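The values are calculated or read from the model by the stated rules, or taken from the named source; none is laboratory data. What you are looking at is a predicted structure, and each value in this text was computed from that prediction instead of being measured. Cβ atoms come from the backbone with ideal geometry, glycine included; neighbour counts cover every protein chain shown. Accessible surface is based on the protein model in full, side chains and every heavy atom, while ligands, DNA and RNA are left aside. Shrake-Rupley method; radii C 1.70, N 1.55, O 1.52, S 1.80 Å.
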Amino acid sequence: MKLSDYKALTFDVYGTLIDWESGMIAGLKPLTDQLDLSRDAILEAHAFHESTCQRVTPAKNYRDVLATVYKRLAEEWGLTASWQEAQVYGHSVEHWPAFPDSAEAMAYLKDHFKLIALTNVDNASFAFSDAKLGHPFTATYVAEDIGSYKPEPRNFDYMLEQMTRLGLTKGDILHTAESMFHDHGPANRHGLSNCWIYRRHDQEGFGATMNPGDMPLYDMMFHSMGDLVEAHRAELAAG
């Protein structure tokens, strides 16, 4: 199996291309500066409240999901936070940085593949991240458009249905993502080839994503988008 076997790369954006964990840690400082918590403890608590909110209220806009997470975290940690403060955090996606290799990698890959985003955010928040990445995507499918959040099957069903309109079949697609919980499990269940961008390869745990339980299978694995690009260049050079 080679990268060049595929016509389209479908992407999880946050955790894969955008460094959402660093963005979360920065945005939560009004709370966490009052506490003595490890980075992973903060991220794991965030993962629980985010996934719970997305599951229970799947039509909620992501900015409101994040605001709700902020409120739940303050309560869990015995702190006080106003709804206005929670809403500030809800709009924090615009400040989340791209990984240093992401924009350059996407600019390269755009010349070789259709690039599709399947992401658990809203359109307004995604626009800031898209600009940081250089607007590389042929199509973007956000949770706000679909009315649910990954790992719900509906999100992948929606993406696949839309991609047939672009002339792409399931066999043309390599789903490219960091999150085992949000992406690789559903990719397995939908029969999609998948590539793990294992950004957390030098860290314990699952960070800002829930533990997937039984680990999903994957067809390829790289530690960064830069490594994926180098592998593609090597394939082309080898003929």
| request: Starting from region 36-64, take each residue that is in contact (Cβ under 8 Å) with a residue 12 or more places away in the chain and over 17 Å from residue 209 (Cα atoms) and list its partners that are open to solvent by less than 70 Å² (accessible area, probe 1.4 Å) and in a helix (DSSP H, G or I), counting only C-beta distances under 7 angstrom and pairs at least six apart or across chains. | output: 63/90; 63/125; 64/90
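Which of the helices (runs of 4 or more DSSP H) contained wholly in region 60-110 include at least 1 residues that are among the β-branched types (Val, Ile, Thr), farther than 26 Å from residue 229 by Cβ and at pLDDT 95 or above? Reasoning before the result, please.
Numbers: elements: 62-76, 83-90, 102-109.
Because the criterion is at least 1 residues that are among the β-branched types (Val, Ile, Thr), farther than 26 Å from residue 229 by Cβ and at pLDDT 95 or above, the helices (runs of 4 or more DSSP H) in region 60-110 that meet it are 62-76, 83-90.
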| field | Answer residue from region 130-148, given it is open to solvent by 10 Å² or more (accessible area, probe 1.4 Å) and either part of a loop (DSSP other than H, G, I, E, B) or among the small types (Gly, Ala, Ser) (or both) and is nearest to residue 65 (Cα to Cα) among those | value | 147
| note | In region 149-171, anything over 19 Å from the mean Cα position of the chain (by Cα), open to solvent by 20 Å² or more (accessible area, probe 1.4 Å) and touching a residue at least 40 places away in the same chain (Cβ under 8 Å) is listed as 166
| Looking at this structure, is residue 179 closer than 19 Å to residue 227 by Cα, under 12 Å from the mean Cα position of the chain (by Cα) and open to solvent by less than 10 Å² (accessible area, probe 1.4 Å)? | yes
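Could you list, in sequence order, the residues of region 17-26 that are surrounded by 22 or more Cβ atoms within 10 Å (Cβ to Cβ), within 17 Å of residue 46 (Cβ to Cβ) and not aromatic (Phe, Trp, Tyr)?
Initial filter on region 17-26 (surrounded by 22 or more Cβ atoms within 10 Å (Cβ to Cβ)): 17-18, 20-21, 24.
Next cut, within 17 Å of residue 46 (Cβ to Cβ) only: 18, 20-21, 24.
If the condition is that a residue be surrounded by 22 or more Cβ atoms within 10 Å (Cβ to Cβ), within 17 Å of residue 46 (Cβ to Cβ) and not aromatic (Phe, Trp, Tyr), then 18, 21, 24 are the ones that fit.
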| task | Name the single residue, out of those in region 27-41 being surrounded by fewer than 14 Cβ atoms within 10 Å (Cβ to Cβ) and assigned to a helix (DSSP H, G or I), that is nearest to the chain's Cα centre (by Cα). | result | 41
